[in-house]
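The values are calculated or read from the model by the stated rules, or taken from the named source; none is laboratory data. Not measured: the values here are computed from a predicted model. Neighbour counts run over all protein chains shown; Cβ positions are idealised from the backbone, glycine included.
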Amino acid sequence: MGAIETHGLTKRFGELVAVDNLNLDVAEGEIFGLLGPNGAGKTTTISMLATLLGLDSGRASVAGYDVIDKPAKVREQIGIVFQDPSSDDILTGHENLYLHGLMYGVPRAIIPQRVEEALELVQLKGREDDLVRTYSGGMRRRLELARGLLHHPRILFLDEPTLGLDPQTRQRIWAHIESIVAERKVTIILTTHYMEEADRLCDRLAIIDFGRIVALDSPQTLKDTVGGDTVQLEVVNVEAAATALENLECVSRCETRDGRLDVAVQDVAQNLPAVFTAAGEIASFSVRNTTLDDVFLHYTGHDIRDESAEGVAKHMHRVRSVNR
Ligand SMILES: Nc1ncnc2c1ncn2[C@@H]1O[C@H](COP(=O)(O)OP(=O)(O)OP(=O)(O)O)[C@@H](O)[C@H]1O
Ligand SMILES: [Mg+2]
């Protein structure tokens with residue numbers, strides 16, 4: 001039994017289909033990512049799974065419990081870190097955690113120990129008696145992570161865990177998330193629109209665009225489907241090099257750009273010598289690793305940061321035409 005299963009999960013807001021026929025099967029102990037641009041439907045999906053929002057059609061189960069038939073059972077099994085800050089900033093970090101323990105029915109006698117444990121995990125020891133109001137954004141995010149874990153949930157939802165944080169803080173939160181998974185058997189569903197975050201943390205991820213899954217696999221497999229890393233070459237004889245390169249089995253694409261060759265090569269570490277041999281005399285070269293940005297572009301035809309009103313307007317037009 002998977003930790004999370006959905007079949008045809010759908011949510012509409014008026015004529016907008018925010019989550020469109022979503023099929024997911026997340027295994028226990030997996031870090032599963034929902035990657036997509038603003039408005040893709042990530043938070044809406046998590047809200048339905050966490051029983052905070054009803055669904056229009058399809059079904060979903062979390063830890064084996066149906067979200068509609070057994071919402072109380074589902075809630076017992078999950079922890080959630082919301083996209084928007086939700087800790088109480090007129091309380092201290094310690095008070096926030098203690099209160100959460102009480103609300104989630106952690107036996108009173110063991111709450112202090114749980115609070116200590118959680119504070120240590122996210123390295124907030126020493127600051128626990130300060131008001132949350134005086135915390136930095138990163139500290140606050142770490143506190144929310146600690147709170148989401150305090151009652152030892154089997155499944156943890158993290159909605160944009162590092163949104164708006166600086167690179168160092170982001171790295172630290174990633175390390176915390178990894179240590180949580182290493183220390184306890186927690187299943188994590190996280191949403192993000194940071195490619196690097198998805199790449200580093202997720203065992204598998206679903207790329208979501210306009211409420212639909214456009215691709216789902218491990219980050220490496222997704223990158224491999226785009227055809228491997230790109231070797232850029234400046235060569236003396238462009239035409240001869242292009243012909244020879246196209247004949248190599250490891251080359252999935254070879255394009256000429258401004259007199260330079262962009263060559264997509266599978267398993268570049270292994271195949272670079274063959275590429276060099278085929279290219280003839282080389283003036284310069286560089287290797288650019290495929291990123292999830294390339295994958296996103298490949299599957300959706302647009303950049304993840306293309307959040308233009310025009311793009312949304314086009315989508316709405318399509319929705320209206322289909323609904324008619
Ligand atoms: N309560 C609501 N009423 C109407 N529309 C909504 C509501 N909640 C979400 N939507 C719409 O549903 C779509 C998906 O929103 P959602 O918040 O799930 O996106 P997201 O992927 O989490 O985006 P972000 O990266 O900005 O957090 C958006 O077009 C949004 O405007
Ligand atoms: Mg969101």
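So is K73 out of contact with any helix residue (DSSP H, G or I) (no Cβ under 7 Å at 6 or more places or on another chain), within 16 Å of ligand 1 (Cβ to nearest atom) and not small (G, A, S) or not?
Judged against the criteria, K73 is not a match.
Which one of the conditions (1) modelled with pLDDT of 85 or more; (2) outside any helix (DSSP H, G or I) does Q220 fail to meet, given that it meets all the rest?
With (1) modelled with pLDDT of 85 or more; (2) outside any helix (DSSP H, G or I) applied to Q220, the lone miss is (2).
Anything in segment 57-105 that is surrounded by fewer than 17 Cβ atoms within 10 Å (Cβ to Cβ), part of a loop (DSSP other than H, G, I, E, B) and among the small types (G, A, S)? List them, or say none.
Correct list: G64, S86, G105.
Is it the case that segment 130-137 has a residue that's within 22 Å of the chain's Cα centre (by Cα), buried (at least 18 other Cβ atoms within 10 Å of the Cβ), away from ligand 1 (no atom under 16 Å from the Cβ) and farther than 18 Å from I46 by Cβ?
Within segment 130-137 (the criterion being within 22 Å of the chain's Cα centre (by Cα), buried (at least 18 other Cβ atoms within 10 Å of the Cβ), away from ligand 1 (no atom under 16 Å from the Cβ) and farther than 18 Å from I46 by Cβ), the answer is no, since none of the residues qualifies.
State whether the residues of segment 46-54 include one that is within 15 Å of ligand 1 (Cβ to nearest atom), touching a helix residue (DSSP H, G or I) at 6+ places or on another chain (Cβ under 6 Å) and more than 30 Å from V132 (Cα to Cα).
No; the residues of segment 46-54 include none that is within 15 Å of ligand 1 (Cβ to nearest atom), touching a helix residue (DSSP H, G or I) at 6+ places or on another chain (Cβ under 6 Å) and more than 30 Å from V132 (Cα to Cα).
Give me the residue from segment 200-210 that is touching a residue at least 40 places away in the same chain (Cβ under 8 Å) and of a type outside the set (V, I, T) and, out of that set, surrounded by the most Cβ atoms within 10 Å (Cβ to Cβ).
Checked segment 200-210; the qualifying residue surrounded by the most Cβ atoms within 10 Å (Cβ to Cβ) is L205.
Please enumerate the residues belonging to segment 182-199 that are surrounded by 17 or more Cβ atoms within 10 Å (Cβ to Cβ) and within 13 Å of the chain's Cα centre (by Cα).
If the condition is that a residue be surrounded by 17 or more Cβ atoms within 10 Å (Cβ to Cβ) and within 13 Å of the chain's Cα centre (by Cα), then I188, I189, L190, T191, T192, H193, Y194, M195, E197, A198, D199 are the ones that fit.
Among the residues of segment 79-88, which ones are more than 16 Å from ligand 2 (Cβ to nearest atom) and in contact with a Leu (Cβ under 7 Å, 6 or more places away or on another chain)?
Answer for segment 79-88, where residues must be more than 16 Å from ligand 2 (Cβ to nearest atom) and in contact with a Leu (Cβ under 7 Å, 6 or more places away or on another chain): G79, S87.
Name the residues in segment 241-262 that are of a type outside the set (V, I, T) and either surrounded by fewer than 14 Cβ atoms within 10 Å (Cβ to Cβ) or at positive phi (or both), would you?
Correct list: E246, N247, E249, E255, R257, D258, G259.
Would you call T6 surrounded by fewer than 20 Cβ atoms within 10 Å (Cβ to Cβ), of a type in the set (V, I, T) and either within 16 Å of ligand 1 (Cβ to nearest atom) or within 22 Å of A146 (Cα to Cα) (or both)?
no
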